[in-house]
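Trainee: I am attaching a structure below and will ask some questions about it afterwards.
The values are calculated or read from the model by the stated rules, or taken from the named source; none is laboratory data. Small disclaimer: the values here were computed from a predicted structure and weren't measured. Positions of Cβ are backbone-derived with ideal geometry, glycine not excepted, and every protein chain shown enters the neighbour counts. For accessibility, only protein heavy atoms count, side chains too; no ligands or nucleic acids. Shrake-Rupley method; radii C 1.70, N 1.55, O 1.52, S 1.80 Å.
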Amino acid sequence: MDGLFIAGGVAVAIILYIVTVYNGLVRSKNQVESAWSQIDVQLKRRHDLIPNLVEVTKDAMDYEQETLTAVVEARAKAVSAKDGSREGAIAAEGLLSSAMGKLLAVFENYPDLKANQNIRDLTEELSSTENRIAFSRQHYNDSVNQQNVRVESFPSNIVAGSFGFRHAVYFAVDEAEKEPVKVDLR
Amino acid sequence: MESQDTNSMGMAEQVVPQQDKISQDILERGPVIERSDFVTEIRENKNASTWMSCFLILIGGGFGYAIGWSLEMFASSYVSGYDPFSGTLKHFLFSKWGIGGCITMLVTSLIWSVIVLVKGDRVLVWMVGAEYVTEENERQLHNVVAEMAIASGLPKPRVVVVEDPALNAFATGLTPENSTIGVTRGLLDTLDRDELQAVVGHEMGHVLNNDVLYATMISVQVGLIAMVADTIKLSFRSSSRTTSRVAYRASSGSGRGKGKGSAAAAIIAIVVLIAVSIIAPLSAKLVQMSISRKREFLADATAVKLTRNPKGLFDALGKISTTKNRFSNANRAIQHMFFVNPFRDFDRNASELFSTHPPLIERIDKLRGML
């Protein structure tokens, strides 16, 4: 009789464990997906911000037209690449990132630009947008890491394997984006 | 307005020796002390605070058991010819009333926690006199909060500012979906963007780690222990009749219970009762403060995880260490909610066991290890 109770208790514990791990896996899988869509949200924010930026700065900085043009062109490419393949979109966004970086660096060099309140606000928005994109990628990778740990580590890997949870793929940063651009306006 | 100016002047005068001491302390520490990274830090502090919480539950349950045990012993002392030492040790220690006391204590703290949690949490914002700020007025602050929310994968908290020259910040909200992050005007004026981001990251860390919920449940448990202990102590103090009667019974062996055993049982019961009602609240408070300090380290490590920039927090804490942070609207009940303790000085002496925050220098050292 005692043996029956013990066996029953163990069975219940195992089932509870499986349920917990399964729910954890579902949660982290969904987190990975929502983190990925968050990146898109922030990229959209960047695309929307650029026309505004061009409007405000085009008169003030006629001596740096090519930097501005590069941003506008990169944005156009990024927007059109959005509906294409993932790889294409990532590459186009990478180009836009570096163009934006150059533009923000240009702002640094012109104190009279920094004095303009409109441009100061815009620059803050721009650096925040770039930060948001970076942080949303970071969060995506953190979520991927969390899921992969669950999928790989024992004994949750048994549950993951039998329910078909797979590795998530990290967001690798494009080479062009790796050059750090330090923006400091205050 | 004028009184505030003189006040801050007064504070500025006190700051000088403080500042020298801290910066000298930092210099003397030399280079990296103990290498670490945020992953290890987060894991260790989470584990430590979980274990200590279990310990706190043990203290509460044990206190309840001890009370029940003493009361049963005391009641038995009325029984004629009762001898507490007649049975085995197991028999001596086991008490049905004790188990009842233990369960009562734990269930009460659970119910009380639920009540406190349901009652809501906007009190803090109101208590420190914080004001909600719009995105137009505080663009950078709003942006920084939004960025940290994105990095942690949580919705953006509400943003408030306290118009106070002190350098401090806080987070509140029982769920991440319903949280508020507040900073002081002094902080906004003094820190640069990276440093502000680190401080907001620390507060976001509290939100992410559910620290408000954690702190609330723990303070309920500690509060309950203190309350019960106070009641016991008070009942001894006020009803001198009981105490003297017991003393009389003990000395003469008279009363309803007869014999030496009864007297001994009564004395043991009372001594145990007094002892636990002194020890339990004290140790509960110690554990609570220790947990609070671990959660601060945890939030620091989480800030590094979110910003991936230990230098920001390192610099922010460095700047804060050179100022006096007592701010006018803080009070003791909410001190654990802040970025740095609004009451403590930041030198070594702050490493007291009853402090809600680790000494600033220790937090700076930890970050130095992560740089």
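Trainee: Can you pull the accessible area of A:LYS58 for me, 1.4 Å probe, Å² to the nearest 10?
Mentor: Counting only protein heavy atoms, the figure is 80 Å².
Trainee: So for chain A, averaging the separation of alpha carbon pairs under 8 Å that are six or more residues apart and normalising by length, what relative contact order in percent results?
Mentor: On the way: 144 pairs, mean separation 57.3, N = 186.
Answer for chain A is 31 percent.
Trainee: Quick check: convex hull over the Cα atoms of the stretch A:2-177, volume per residue in Å³, rounded to an integer?
Mentor: Values: hull volume 23.2 nm³, N = 176.
Measuring per residue, one finds 132 Å³ for the Cα hull of the stretch A:2-177.
Trainee: Right, another one. With a length cut of 15 Å (Cα positions projected on each helix's long axis) and a Kyte-Doolittle mean of at least -1.0, go through chain A and give me the DSSP H helices that pass.
Mentor: Numbers: long enough: A:2-60 (86 Å, 0.31); A:65-81 (24 Å, 0.25); A:86-109 (35 Å, 0.52); A:117-152 (51 Å, -1.27).
The answer, listed by residue number, is A:2-60, A:65-81, A:86-109.
Trainee: B:PHE85 to B:THR175: extension gain in nm, 0.36 nm per residue of separation minus the Cα-Cα distance? Please list the in-between numbers first.
Mentor: Details: separation 90, 0.36 × 90 = 32.40 nm, distance 5.21 nm.
Additional length available on full extension: 27.2 nm.
Trainee: Separate question: Sort B:CYS54, B:CYS102 from largest to smallest accessible area, using a 1.4 Å probe on the heavy atoms of the protein chains. Can you show the working numbers first?
Mentor: Details: B:CYS54 65, B:CYS102 35 Å².
Sorted descending by solvent-accessible area, the residues read B:CYS54, B:CYS102.
Trainee: Same structure again: Counting only other residues whose beta carbon sits under 9 Å from that of A:ARG132, what net charge do I get with K and R as +1, D and E as -1?
Mentor: Working: positive: A:ARG45, A:ARG46; negative: A:GLU130, B:GLU147.
With Lys, Arg at +1 and Asp, Glu at -1, the neighbours total 0.
Trainee: Continuing with the same structure: What distance in nm separates the simple spin-label points at A:GLU66 and A:LEU4, each placed 7 Å from Cα in the Cβ direction?
Mentor: With each label point 7 Å from Cα toward Cβ, the separation is 8.8 nm.
Trainee: How far apart, in nm, are the 7 Å Cα→Cβ label points at A:VAL41 and B:GLU44?
Mentor: 3.5
Trainee: Using the Karplus equation 6.51 cos²θ - 1.76 cosθ + 1.60 (θ = phi - 60°), what ³J(HN,Hα) coupling, rounded to whole Hz, does each residue of the stretch B:201-214 give in order, writing x for Gly and Pro?
Mentor: x, 4, 5, 4, x, 4, 5, 4, 8, 6, 5, 5, 4, 4
Trainee: Further question: Roll a 1.4 Å probe over the protein heavy atoms and report the accessible area of A:ARG27 in Å², nearest 10.
Mentor: Only protein atoms counted, so the area is about 150 Å².
Trainee: Roughly how crowded by other chains is peptide A:133-140, in terms of the mean Cβ count from those chains within 10 Å of each of its Cβ atoms?
Mentor: Numbers: counts 2, 4, 12, 4, 2, 8, 7, 1.
Average neighbour count from other chains, rounded to a whole number: 5.
Trainee: What FRET efficiency comes out for B:SER328 versus B:LEU117 if R0 is 30 angstrom and r is the Cβ-Cβ distance? Round to the nearest 0.05. Intermediate values should be presented prior to the final figure.
Mentor: On the way: r = 29 Å, r/R0 = 0.96.
Result of the calculation: an efficiency of 0.55.
Trainee: Next question, about the same structure. For B:TRP51, A:TRP36, B:TRP112, write out the residues from largest to smallest accessible area, computed with a 1.4 angstrom probe and no ligands counted.
Mentor: Values: B:TRP51 185, A:TRP36 55, B:TRP112 85 Å².
Sorted by accessible area, descending: B:TRP51, B:TRP112, A:TRP36.
Trainee: Just to be sure I understand the model, the point goes 7 Å from the Cα along the line to the Cβ. What's the resulting A:SER162 to A:ASN109 distance in nm?
Mentor: Going from the A:SER162 label point to the A:ASN109 one covers 6.4 nm.
Trainee: With every protein chain present, what accessible area does B:TYR82 have (1.4 Å probe, heavy atoms only), rounded to the nearest 10 Å²?
Mentor: 70
Trainee: Moving on. Under the Karplus relation 6.51 cos²θ - 1.76 cosθ + 1.60, θ = phi - 60°, what is the ordered set of whole-Hz ³J(HN,Hα) values for the stretch B:173-179, x standing for Gly and Pro?
Mentor: These are the phi-based 3J(HN,Hα) values: x, 7, 10, x, 6, 10, 10 Hz.
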